[in-house]
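Here the structure is laid out as C-alpha cells; the discussion comes afterwards.
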Amino acid sequence: MDHAQRTSMTNQPLAGRTVVITRAADQADEFVTELERYGAKVIVCPTIEICPLENYERLDEAIEHLFGYDWIILTSVNGVEYFFKRLATANRSVSELDELKVCAIGEATGDRLRDLHVHVDLIPDEFKAEGVFSALARFVGGTQALQGLNVLIPRAAIARDYLPRALEKAGARVDVVPAYRTALPEDVDRGRVAAMLSGSADCIAFTSASTVKNLGLLFDTQDLSAALAGVVIACIGDVTATTARDFGLQVEIQPQQFTVPSLARAIADYFSSGDG
C-alpha cells in the first residue's frame, strides 16, 4: 500500500463502506454529511416519521397556563419545533418563557432554543432521563428542593416515563403533554429494505428506540437478528442500545456522547480499527 492509499484510509476510514441510517428523512442531512466526510456511502432509510397530533387540546391548555409552571423541559429538537409552532398559533410570545426555568436535553436542543431567542438555564451532561433528573436536582439545590415545583414536559406522544415519575416521587407536579407523534412512514417498502440490508449494507445506525421498534414493525418481528445478519449495529445511546438488544441485536458501536457527530465518529473509528 502506498502513502496516498494509507492517507486516504486515514482520512476516509469508511471509504467503500455502506451505512444505512434510520432517522426521519427531514432530519437526516447532518448525519449524512458527517458519514460522507469519512468516505461512507450513505443510504437513508427512514423507519420513523415525525407527525403533528390530531388534537392539540392538552398542549394548548398548557400554553394558556404557562405562568403556572416553574420549569419547562424540552427533550428534543422536535419538541422545540412543535411547541413553538403551537405557541405562535396561540399568538403567544417567546418572551412568555422568560419567567420560567428552561432545561434542554442535548446541545442540539439547546442550540435550537437559542436560535429562537429562548434562554437556556440547564443542559444536563447526560442525555438519559436518570442523568437529567440528577442534573435538575443539583441545579435547584438537592432533591428536596424539587418538592412543590410545577414542571411542563412537551414531548413525543409515546416516550419513556422515568423522568416524570422520578420528579413526581420527589414531590414535583409534572404535566407531560404530547407535542408531536412518531409513526412508521407510509411509503417504506419492506422488500426494498430487506434486499438492501442483505446486500450492500455494512452498518445500520439507530438514533432512537423508535427507529428500532419501527423496523421490528416493518418486518413484523420481535427478533431482528435474521433481518440484520452480517450488518454491524450502531446505536446513539443506552436507551436505543437496550431496545436494539431487546430485538435480538448485538450492538457493536455506541459513542460515549449521545450526538450524531459522535455516532458518525464512532462508526468511522470502528471500521478504521480493523474491527469491521
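In the chain, what percent of the accessible surface is made up of carbon and sulfur (1.4 Å probe, ligands and nucleic acids excluded)?
46
What's the local net charge at TRP71, with K and R +1, D and E -1, over the other residues with C-beta under 15 Å away?
Numbers: positive: LYS101, ARG138, ARG155, ARG173; negative: ASP70, GLU96, ASP98, GLU99, ASP121, GLU168, ASP175.
That sum, taken over residues with Cβ under 15 Å, equals -3.
Given an 8 Å cut-off on Cα distances and at least 6 residues of separation, report the relative contact order of the chain as a percent.
In percent, rounded to a whole number, it is 20.
What is the antiparallel percent of DSSP beta bridges lying wholly in the chain, to the nearest 5?
Once the DSSP bridges in the chain are tallied, antiparallel ones form about 10 percent.
In a Gaussian network model over the chain where Cα atoms closer than 10 Å are linked, find which of ALA195, ALA135, ALA104 has the largest mean-square fluctuation.
ALA195
To the nearest 10 Å², what's SER272's accessible area with a 1.4 Å probe?
Ignoring ligands and nucleic acids, SER272 comes out at about 70 Å².
Among ALA264, GLY248, ALA166, pick out the residue whose Cα is farthest towards the positive end of the charge dipole of the chain, where Lys and Arg carry +1 and Asp and Glu carry -1 on C-beta, about the Cα centre.
It is GLY248.
Rounded to the nearest 0.05, what FRET efficiency is calculated for GLU30 and ARG165 with R0 set to 41 Å and r the Cβ-Cβ distance? Could you put the intermediate results ahead of the total?
Working: r = 32 Å, r/R0 = 0.78.
For GLU30 and ARG165, the calculated efficiency is 0.80.
Quick check for you: with a 1.4 Å probe and neighbouring chains kept, what is the accessible area per residue of the range 170-235, in Å²?
Counting only protein heavy atoms, the per-residue value for the range 170-235 is 43 Å².
For the range 62-74, take each phi angle, set θ = phi - 60°, evaluate the Karplus expression 6.51 cos²θ - 1.76 cosθ + 1.60, and give the result in whole Hz per residue in order, putting x for glycine and proline.
5, 5, 4, 10, 3, 4, x, 9, 8, 10, 10, 10, 9
Would you mind getting the accessible area per residue of the range 35-130, heavy atoms of the protein chains only, 1.4 Å probe, in Å²?
Numbers: 4800 Å² over 96 residues.
Dividing the accessible area of the range 35-130 by its residue count gives 50 Å².
Nothing charged except the Cβ atoms of Lys and Arg (+1) and of Asp and Glu (-1): what's the magnitude of the dipole of the range 1-153 about its Cα centre? Round to the nearest 20 debye.
520
Can you run phi through the Karplus equation (6.51, -1.76, 1.60; θ = phi - 60°) for the range 194-209 and list ³J(HN,Hα) in whole Hz, with x for Gly and Pro?
Going residue by residue, I get 4, 5, 5, 5, 8, x, 8, 5, 9, 8, 10, 10, 10, 10, 6, 4 Hz, with x marking Gly and Pro.
What number of lysine-lysine pairs in the chain show an alpha-carbon separation below 21 angstrom, given a sequence spacing of 8 or more or placement on distinct chains? All intermediate terms of the calculation are to be shown ahead of the outcome.
Values: LYS85/LYS101; LYS101/LYS128; LYS101/LYS169; LYS128/LYS169; LYS128/LYS213.
For the chain, the number of qualifying lysine pairs is 5.
P(r) for the range 33-125: what percent of alpha-carbon pairs falls in each 5 Å bin, starting at zero?
Final binned percentages: 2, 11, 20, 20, 16, 12, 7, 6, 4, 1, 0.
When Lys and Arg each count +1 and Asp and Glu each count -1, what net charge do the other residues less than 14 Å away from LEU122, Cβ to Cβ, add up to?
On the way: positive: LYS101, ARG114, ARG138; negative: ASP70, GLU107, ASP121, ASP125, GLU126.
Within the 14 Å Cβ shell, the charges total -2.
The values are calculated or read from the model by the stated rules, or taken from the named source; none is laboratory data. Here the structure is a predicted model, which is why all the values come from computation and not from measurement. Here Cβ is always computed from backbone atoms with ideal geometry, including for glycine, and neighbour counts include all displayed protein chains. Note: accessible area is taken over every heavy atom of the protein model, side chains too, but ligands, DNA and RNA are not part of it. Shrake-Rupley method; radii C 1.70, N 1.55, O 1.52, S 1.80 Å.
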